[in-house]
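Working notes, beginning with the structure itself.
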Amino acid sequence: MAIERAAITNRLSEVHKLWLYIKHNESSATPPIDIDEIKMVRGLFFVSLYGAYERSVNESVVQYFTLINSLGISYNHFSGNFYPAAFDSMFTSLRTSEQKWKKRVEFGAFVESSEVCQINSGVFEDQLQNPKSKILKMIAEYLGASQLYNRNHADELYLDEVVEKRNQVAHGRNTAIVVGSTGRSDELVIRYQAISRILESFVQMLENHYLSKDYIRPPYRGQYN
């Protein structure tokens, strides 16, 4: 089984069509003199690209946990490096409960429980609102999958730029015209390609980690083929 990529491809395809529109309608004069409408569309390009990125990351994480939940893994079969995800609800309870010692005892029982675990697919929901590159890195760490995440520093810088410029437009700190006044289509496509590579790398990490079953203790992996 694999994480579905069709929706990601469709979203990126729509963003690419927007880029083609920008490229076709930009000024060809030297130096170029673009009308405000094209500058505005260039600013909105960052909003569109960011939207495709955020939705794709969130949906991929949900699919990943759905696949893991489908295996019906017992609490006591999870590897220690997967505890942050598998025991999320218990960690939350430990943090917020006034009966902290009782909850600690309950946690010890959970670790040894043969009960089937169903992980909340929205466990990273709060981190995945407005996620910059460091968030994707942290999620890989929380899953114990850092070794599978192929990161590219230059692409991550472009991702963080896209997130920041989207926020400027979406939150009113800058207008789309101002954001789109710098950076023509040949520069926008570089950002598009960087986001595409990051999405593929992140999704591939999730998929490879699911298939590796590294989140299950070695003696029990054979039970979940």
* Taking a label point 7 Å from the Cα of residue 5 along the Cα→Cβ vector, which residues of the stretch 152-196 have an amide N closer than 18 Å to it? -> 152, 192-196
* What's the carbon and sulfur percent of the stretch 143-225's accessible surface, probe 1.4 angstrom, rounded to a whole number? -> 50 percent
* To do: Report the residue, chosen from 135, 198, 33, that carries the largest GNM mean-square fluctuation when the chain is represented by alpha-carbon nodes joined by springs under 10 Å.
  => 33
* Structure fact -> Given 217-223, 12-18, the highest-first ranking by average Cβ count within 10 Å works out to 12-18, 217-223
* Roughly how many Å² is the accessible area per residue of the chain, as a whole number, for a 1.4 Å probe? -> 52 Å²
* Linear extension gain, residue 200 paired with residue 21, 0.36 nm per residue minus alpha-carbon span -> 62.0 nm
* To do: Mind telling me which of 109, 145, 194 comes out most flexible in a GNM of the chain, alpha-carbon contacts under 10 Å?
  => 109
* Structure fact -> The helix 185-212 Cα axis meets the longest alpha-carbon principal axis of the chain at an angle in degrees, between 0 and 90 and rounded to 10, of 10 degrees
* To do: Positive end of the charge dipole of the stretch 123-225 (Lys, Arg +1 and Asp, Glu -1 on Cβ, about the Cα centre): tell me which of 194, 142, 162 has its Cα farthest that way.
  => 142
* **In range of the label at residue 130: residues from the stretch 169-197 whose backbone nitrogen is under 12 Å from the point 7 Å along Cα→Cβ** => 169-173
* Per residue and in Å³, how big is the convex hull formed by the alpha-carbon atoms of the chain? -> 116 Å³
* Asked: Pairs 17/132; 137/165; 39/132; 102/134: which exceed 29 Å Cα-Cα?
  -> 102/134
* How do 113-126, 42-55, 19-32 rank on mean C-beta neighbours within 10 Å, highest first? -> 42-55, 113-126, 19-32
* **Ranked by how many other beta carbons lie within 10 Å on average, peptides 65-73, 153-161 from highest** => 65-73, 153-161
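The values are calculated or read from the model by the stated rules, or taken from the named source; none is laboratory data. Since the structure is predicted, the reported quantities are computational estimates derived from the model, not experimental observations. Note that each Cβ is placed from the backbone with ideal geometry, even for glycine, and that neighbours are counted across all protein chains shown. Side chains are part of the model used for accessible areas, which takes the heavy atoms of the whole protein and leaves out ligands, DNA and RNA. Shrake-Rupley method; radii C 1.70, N 1.55, O 1.52, S 1.80 Å.
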